[in-house]
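J.: Take this structure first; my questions come after.
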Amino acid sequence: MDLDNVLHSIFNFENYGELLVLVQNSIWAGAVLGLLGGLMGTFVMKRDLAFAVHGISELSFAGAAFALLIGADIVLGSLAGSVIAALVLGLMGVRAREKNSIIGVIMPFGLGLGILFLSLYEGRAANKFGLLTGQIVSVGTVQLQVLAVVAVLVMLALVAIWRPLTFASVDPHVATARGVPVRALSLAFMVLLGISVALSIQIVGALLVLALLITPAAAALRVTSSPRLVVILSVAFAMTATVGGILLALGGRLPISPYVTTLSFLIYVACRTIGGFRARRGINGRVLRSPVSAA
């Protein structure tokens with residue numbers, strides 16, 4: 001395959017307008033998931049749960065693969081796997097070191113189960129590949145409504161516990177001393193995170209879900225320390241990556257995940273560059289000079 005064929009596979013905008021009409025629901029679904037991922041990602045970074053997201057995604061993948069094998073609803077299977085993983089991590093992973101070891105056990109177990117179920121599945125190969133890397137699907141109106149309702153419920157629950165969860169995330173020991181139910185909040189957030197992972201898998205697949213739930217928030221933290229601005233930028237970055245990825249994927253023959261993850265990565269690189277530049281400057285924008293150079 002020469003360079004022209006490669007570029008044609010990645011970017012091909014013939015009949016783009018006709019395709020765009022067919023995936024309007026998918027674009028709205030991407031926007032909803034971008035909003036949800038941006039909000040959840042801020043707490044994932046605050047609570048240092050990046051590794052946990054990957055562990056949850058593996059069992060979510062196993063649940064989706066099992067549902068595909070038995071002919072059940074893939075979204076429900078993915079949700080079941082995610083919630084089970086979230087509950088296990090929330091109940092057993094009390095300490096950071098213990099939590100990391102549990103995640104390290106869950107990840108290969110979930111991935112192995114998922115591969116087993118996909119190996120037994122005799123249907124279309126595209127369905128198997130889509131679970132791992134995501135794909136543009138024709139999202140029906142009913143599917144979009146269900147997705148939106150579940151996402152709104154998760155976001156409302158997150159808003160309801162926002163302030164105590166923030167306190168518990170920043171300083172859990174002081175929060176416990178003040179009577180904040182830190183363990184209950186941790187368990188509630190893990191369940192919300194599990195649901196968010198299951199919903200996000202529909203866009204980027206089980207292996208690349210980090211691009212929605214971690215990278216946007218990590219990018220936002222590179223350019224600002226304001227809690228409110230971090231949330232706003234995280235949501236903006238996540239929605240840009242998802243919606244932009246879908247729009248770009250329409251012009252190629254590749255799965256959607258490379259476009260989403262590449263956009264998310266480029267946003268992070270740009271924010272890291274800006275953050276590094278600002279870190280070399282003073283509070284008032286002046287460049288900080290070392291005593292040697294000043295002399």
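The values are calculated or read from the model by the stated rules, or taken from the named source; none is laboratory data. Small disclaimer: the values here were computed from a predicted structure and weren't measured. As a convention, Cβ positions derive from the backbone with ideal geometry for all residues, glycine included, and neighbour counts pool all protein chains shown. SASA here: full protein model, heavy atoms, side chains in, ligands and nucleic acids out. Shrake-Rupley method; radii C 1.70, N 1.55, O 1.52, S 1.80 Å.
J.: Please go through (1) more than 15 Å from the chain's Cα centre (by Cα); (2) modelled with pLDDT under 90; (3) buried (at least 16 other Cβ atoms within 10 Å of the Cβ) for Leu221 and return the number of the only condition it doesn't satisfy.
T.: (2)
J.: Can you name every residue in segment 165-177 that is open to solvent by less than 80 Å² (accessible area, probe 1.4 Å) and in a helix (DSSP H, G or I)? Spell out the reasoning first.
T.: Initial filter on segment 165-177 (open to solvent by less than 80 Å² (accessible area, probe 1.4 Å)): 165-169, 171-172, 174-175.
If the condition is that a residue be open to solvent by less than 80 Å² (accessible area, probe 1.4 Å) and in a helix (DSSP H, G or I), then Leu165, Thr166, Phe167, Ala168, Ser169, Pro172, Val174, Ala175 are the ones that fit.
J.: Having 2 or more residues that are under 20 Å from Gln145 (Cβ atoms), open to solvent by 10 Å² or more (accessible area, probe 1.4 Å) and at pLDDT below 85 is the bar; report the helices (runs of 4 or more DSSP H) wholly within segment 8-105 that clear it.
T.: Values: elements: 16-22, 24-46, 50-70, 74-92.
Of the helices (runs of 4 or more DSSP H) lying wholly inside segment 8-105, those with at least 2 residues that are under 20 Å from Gln145 (Cβ atoms), open to solvent by 10 Å² or more (accessible area, probe 1.4 Å) and at pLDDT below 85 span 16-22, 24-46, 74-92.
J.: Could I ask something else about it? Please work out which one of (1) surrounded by fewer than 22 Cβ atoms within 10 Å (Cβ to Cβ); (2) farther than 22 Å from Asp73 by Cβ is the condition Val150 fails and give its number.
T.: Failed condition: (2).
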